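Here's the structure we're looking at; comments come further down.
The values are calculated or read from the model by the stated rules, or taken from the named source; none is laboratory data. This is a predicted model, so every value here is computed, not measured. Here Cβ is always computed from backbone atoms with ideal geometry, including for glycine, and neighbour counts include all displayed protein chains.
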Amino acid sequence: MKRNPQTKIELGDDSPVMNCRAIRCRKMNGSDDSNAWGVGATLVPKEKLGMEEMGAMTQQRCTVTQSDVKAAWSMLQVIIAEALANGQRVELGELGTLSVGVRAKRLKEPGERLRAADIEVGSISFKPGVLLQKQLDRVTFKVDNNYTEPTDAESLDMALYNHFAIEGHEGIKMKKFSTLCGYGITRTREILKEYIEQGVMERVPMSNGYYRPTKGNFGREA
């Protein structure tokens, strides 16, 4: 039986570039000191790369046509979604691996049995593969330091938008929220309560201190 040789994936010669913007933020020391300010960075997102663009780029680099790419990806989406929903890990070659985690409500009584109804899908994890990691290791950064200092609330809003919309997290724990806003736990709880009362954040059902933006906020689709 003849075997087709595996296609060798080669990276381009140009180093990838990320555009960043300096922002005024609280130092990540958990201090309640209102003067504990520092300077951080946030990613300036570029235009989203969609299937049309990826299909055209693929056609330019190999013999596969743009329509072939779209047809193959349409079916791959179904296969990947079905696999993840069945609890399988999905390896996307050298790009990385997708997997699904679950969470359940905490049982209060000794000997209480966990029911299937108490369990729900928790999060989708992505572990970078060799190819992606090589690209990330080659990244160079361009920084824009011409910024206007935001207010305290604006600084936290930008950090939360970066956490959810740019980094792609589905939720946030209290400890991470405290790190982003730079306050101690007491003040962090107060701020989170204010966000919930304003309707921009909500507690994830059956979770232990796990929060997420409401629809239409911090990059979550409406």
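Listed values, structure above:
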quantity	calculated
First in the range 85-110 and touching a residue at least 12 places away in the same chain (Cβ under 8 Å) and on the phi < 0 side of the Ramachandran plot, second anywhere and of a type in the set (Val, Ile, Thr) and assigned to a loop (DSSP other than H, G, I, E, B), Cβ under 7 Å, 6 or more apart	GLU94/ILE9
Unmet requirement for ASP157, which otherwise passes all of (1) within 30 Å of ALA85 (Cα to Cα); (2) surrounded by 12 or more Cβ atoms within 10 Å (Cβ to Cβ)	(1)
Checking THR58 against (1) surrounded by 14 or more Cβ atoms within 10 Å (Cβ to Cβ); (2) modelled with pLDDT under 90; (3) out of contact with any strand residue (DSSP E or B) (no Cβ under 6 Å at 6 or more places or on another chain), the condition it does not meet	(2)
The range 102-123, residues that are surrounded by 10 or more Cβ atoms within 10 Å (Cβ to Cβ), not in a loop (DSSP other than H, G, I, E, B) and not acidic (Asp, Glu)	VAL102, ARG103, ALA104, ILE119, VAL121, GLY122, SER123
Members of the range 111-150 found to be touching a residue at least 60 places away in the same chain (Cβ under 8 Å) and either touching a Leu at 6+ places or on another chain (Cβ under 7 Å) or among the hydroxyl-bearing types (Ser, Thr, Tyr) (or both), listed by number	LEU131, LYS134, GLN135, THR140, TYR147
Any chance TYR195 is crowded, with 17+ Cβ neighbours inside 10 Å, hydroxyl-bearing (Ser, Thr, Tyr) and part of a loop (DSSP other than H, G, I, E, B)	no
Long-range neighbours under 6 Å by Cβ, at least six apart or interchain, first residue in contact (Cβ under 8 Å) with a residue 24 or more places away in the chain and closer than 17 Å to LYS175 by Cα within the range 192-219, second outside any helix (DSSP H, G or I) and aromatic (Phe, Trp, Tyr)	VAL204/TYR210
Of residues in the range 176-190 being of a type in the set (A, V, I, L, M, F, W, C) and surrounded by 17 or more Cβ atoms within 10 Å (Cβ to Cβ), the one farthest from ALA153 (Cα to Cα)	PHE177
Flag if LYS134 is in a loop (DSSP other than H, G, I, E, B), among the basic types (Lys, Arg) and at pLDDT below 95	no
PHE141 being of a type outside the set (A, V, I, L, M), closer than 23 Å to GLY40 by Cβ and in a strand (DSSP E or B)	yes
Test: residue in the range 35-47 that is within 23 Å of LYS127 (Cβ to Cβ), modelled with pLDDT of 80 or more and either outside any helix (DSSP H, G or I) or of a type in the set (A, V, I, L, M) (or both)	no
Single condition VAL90 does not satisfy, out of (1) aliphatic (A, V, I, L, M); (2) modelled with pLDDT under 90; (3) surrounded by 12 or more Cβ atoms within 10 Å (Cβ to Cβ)	(2)
